[in-house]
Each structure stands twice: as structure tokens, then as C-alpha cells.
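Any read-out appearing in this document is the output of simple, stated calculations on the displayed coordinates, not a laboratory observation. The model shown is predicted, which means the values in this text are computed figures rather than measured ones. Counting neighbours? That spans all protein chains shown, and the Cβs are built from the backbone with ideal geometry, glycine included.
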Ligand SMILES: Cc1cc2nc3c(=O)[nH]c(=O)nc-3n(C[C@H](O)[C@H](O)[C@H](O)COP(=O)(O)OP(=O)(O)OC[C@H]3O[C@@H](n4cnc5c(N)ncnc54)[C@H](O)[C@@H]3O)c2cc1C
């Protein structure tokens with residue numbers, strides 16, 4: 001079937017109203033798709049006071065930036081975000097809409113796909129054009145196999161993991177930023193307040209280093225040691241599921257099949273046994289270091305470096321050495 005339409009990327013902002021790094025990565029991926037299909041690349045940004053982020057996005061190679069800037073879009077509200085972007089998608093249906101596999105992408109894209117009756121592929125680790133079709137690659141069976149999928153609908157939607165696309169080199173000649181009028185229906189959901197439980201300075205999915213703790217941390221106190229190590233390494237703290245279930249770490253920290261999927265340059269797994277459910281959330285890490293007192297722990301089989309020992313002895317000296325290096 002011949003299909004027309006541009007490639008669209010849904011951008012998000014990070015703290016400080018910069019474009020999130022996942023959004024810049026999607027610009028690289030979106031550009032490859034657009035060039036492969038001979039079409040254009042649009043980037044959509046929603047929010048309140050997103051002018052600077054929109055202008056920044058315009059430097060990363062899209063053909064246009066569509067800016068939906070409205071006070072009602074200041075914080076994520078699924079109804080308002082969905083309605084704001086639906087008008088745009090209906091008036092000019094894209095061939096594909098890409099978003100990050102982030103909290104926002106995972107919440108918003110299913111709503112959009114359902115409203116427009118579009119195919120949606122989530123958690124992609126690859127997207128490419130082959131024979132004029134867009135193919136989406138995603139892990140299945142707990143990360144033990146990769147499925148290659150395509151949408152049979154005119155518009156395809158996909159959420160893509162962080163660190164899959166390459167950030168394009170910024171250009172000195174940015175494209176046009178087009179303001180788009182925002183429809184503001186009465187939302188069914190009123191946000192009464194917000195509690196920040198995740199460090200948006202260094203979101204887990206985007207962190208170059210992730211230091212994760214498992215059940216063997218034994219309690220909350222162990223996690224404060226992990227936080228210090230992560231901060232010395234410029235990274236974020238993750239966790240396997242048991243510490244989250246026990247309340248030692250927030251749910252936003254969970255790595256794995258029912259948590260977040262991370263692909264940092266360095267993943268340090270402390271007192272984590274290496275279940276398939278956990279591994280499917282971090283097996284794409286560049287280098288994996290495991291600290292575990294059990295020499296037969298499965299995590300050592302997938303690690304590049306391993307330390308057999310009690311974390312209570314290993315971690316303080318490692319952290320102290322890093323602290324010294326940071327001071328020099
Ligand atoms: C449907 C489903 C979804 C799931 N989703 C997820 C998910 O998304 N993410 C996830 O992580 N899990 C998930 N799980 C749970 C998963 O099956 C495992 O139970 C979990 O990953 C185990 O976590 P762990 O490695 O921290 O704990 P354990 O398997 O109990 O391992 C603890 C490790 O700590 C080591 N240890 C203990 N004390 C010390 C010490 N002092 N120093 C050093 N090492 C020590 C032990 O040797 C052991 O290897 C899911 C399970 C199900 C059924």
C-alpha cells in the first residue's frame with residue numbers, strides 16, 4: 001500500500017526547559033526514517049513556556065518544529081496533552097509518530113493510538129526503513145528474542161528506548177518554529193499536587209551510569225550509599241524489584257521487565273542475583289559490573305567485571321577512592 005505523510009517526533013523537556021536527550025536522539029532516528037522514505041521530519045513540543053526548548057530543537061535537523069505552548073500544558077495531564085496533539089495528527093496524519101519510551105510516552109501514545117485507531121509498537125530498540133516500510137524492532141520473551149514489526153495502519157506510532165538513536169550535530173541554521181493553536185477542553189482529571197520522586201536532573205533512562213541495588217542491600221540505608229556512589233559517577237540510582245516492593249527505593253527506580261529499561265555506558269549491580277526479569281531491563285548496558293557475595297550468582301555470567309564480596313565491605317572503599325579522585 002502506498003502511504004504518504006511525514007515523520008513526526010514528540011519531544012519532551014528535561015529540567016531547565018532544555019529538550020530531553022531522548023528527544024534529541026529521536027531527531028537522529030526520525031531524520032534517518034524521513035530520508036529513507038523521502039519525506040520530511042517534524043518535531044512537536046508541548047508545554048508551557050517551551051519557547052527556548054523549541055528553538056533548541058530547531059537546531060537538530062528537523063524541517064519544522066511545531067510548538068504547542070499553553071499555560072494549561074505546564075504539567076502533564078493526559079486529557080489535555082492528548083486533545084492538544086490530536087488536532088494536529090488529524091489535520092496532517094504523519095506516517096510515523098515517535099516518542100521516547102518514557103513515563104510520558106508510555107502514557108500518551110496508547111491514548112493517541114486508541115483515539116486514531118493506529119498501530120502502536122512500544123519499547124523499540126530499533127527503527128528502520130526497508131523496502132519502503134518502517135520496521136520496528138522490540139525485545140520479546142523477556143529480552144531473549146527480537147521481534148521485527150510493522151504497522152498495517154497508515155500512521156504508525158512507536159515508543160523508543162533511550163540511547164537507541166544518535167543525537168545529530170546541531171546546525172547553525174535552525175529551521176522554522178511554528179506556533180500551533182491549542183484546544184483546551186475541560187479535563188476529566190484535575191491534578192491537585194505533585195511530588196517529585198525522581199531526580200529529573202539525571203533521569204534513570206538517560207543516565208550514563210546506573211548504580212542499582214537489589215534485595216541483598218537489606219534496607220534503605222544501603223540505598224543512601226548507592227546514591228553517593230551514583231552522584232560521584234554522575235549517574236542515577238536503580239533497583240531490582242524487591243527493594244521497590246519493600247519501600248527502600250521509589251518505583252521510578254525499578255529496572256526490569258515491569259520497570260524501566262536502561263542502556264547506560266556503565267551499570268553497577270550491587271547485591272542483585274540477575275533474574276531474567278531484571279536483565280531484560282539492563283542487558284543493553286555498555287559495561288556491567290556486579291558486586292555479589294555469591295560467586296555462583298547468575299549476574300556474573302552477564303557481567304564484564306565482577307567483585308565477589310559483601311557490598312558493605314566493597315562499596316565504602318570504592319566510594320572513598322572515587323571521592324578522593326573527585327577531590328584531586
Ligand atoms: C511478572 C514479574 C515481573 C517482574 N519484574 C521485575 C522487574 O522489572 N525487575 C526486577 O528486578 N525483578 C522483577 N521481578 C522479580 C524477579 O523475578 C526477581 O525476583 C528479582 O529480580 C530478584 O531481585 P534481586 O536480584 O534483588 O533479589 P535476589 O534474587 O533475592 O538476589 C539478592 C542477591 O543479593 C546477594 N546478596 C545478599 N546479601 C549480599 C551482600 N551483603 N553483599 C553482596 N551481595 C549480597 C545474594 O547473593 C543474591 O544474589 C519480576 C517477577 C515477576 C514474576
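One chain, two ends: residue 277 and residue 189. Fully extended at 0.36 nm per residue, the span grows by 28.4 nm beyond their Cα-Cα distance. Axis angle, to the nearest 10 degrees, between helix 220-232 and the longest C-alpha principal axis of the chain: 70 degrees.
Enter the angle in degrees (range 0 to 90, nearest 10) between the Cα long axis of helix 103-116 and the first principal axis of the Cα atoms of the chain, meaning the one along which they spread out most. Helix 103-116 and the main axis of the chain meet at about 30 degrees. For segment 1-97, what class follows from the C-alpha gyration tensor (a ≥ b ≥ c being the square roots of its eigenvalues): rounded when a/c is under 1.5, otherwise prolate if a/b is larger than b/c, else oblate? Oblate, since a/c reaches 1.5 and b/c is not below a/b. Segment residue 251..residue 166, full-extension length gain: 27.8 nm, with 0.36 nm per residue of separation and the alpha-carbon distance subtracted.
Taking square-rooted eigenvalues a ≥ b ≥ c of the alpha carbon gyration tensor, is segment 204-327 rounded, prolate or oblate, where a/c under 1.5 means rounded and, failing that, a/b exceeding b/c means prolate? Rounded.
Per 0.36 nm of contour for each residue apart, how much would the distance between residue 224 and residue 149 grow if the chain were fully extended, relative to their Cα-Cα spacing?
Full-extension gain reported as 22.8 nm.
The packing ranking, built from the mean of other Cβ atoms within 10 Å per residue, places the peptides 177-189, 27-39 in the order 27-39, 177-189, highest first.
Highest mobility in the GNM of the chain, judged by mean-square fluctuation with C-alpha springs under 10 Å and restricted to 171, 42, 23, is found for 171. Remark: spin-label model distance residue 320-residue 17 equals 4.6 nm, labels positioned 7 Å along the Cα→Cβ axis. Summary value for segment 7-179: 29 percent relative contact order, contacts being C-alpha pairs under 8 angstrom separated by 6+ residues.
Once the convex hull of all Cα atoms in the chain is built, its volume per residue stands at 147 Å³.
Please work out, to two decimal places, the log10 of the ratio I(q)/I(0) at q = 0.11 Å⁻¹ from a Debye calculation in which every Cα of segment 7-179 carries one identical scatterer. Reported log10 I(q)/I(0), two decimals: -0.40.
By definition, a body whose alpha carbon gyration tensor gives a ≥ b ≥ c is oblate when a/c is 1.5 or more and a/b is not larger than b/c, and segment 70-149 fits this oblate description. Against the chain, whose longest principal axis is taken from its Cα atoms, helix 311-327 shows a tilt of about 70°.
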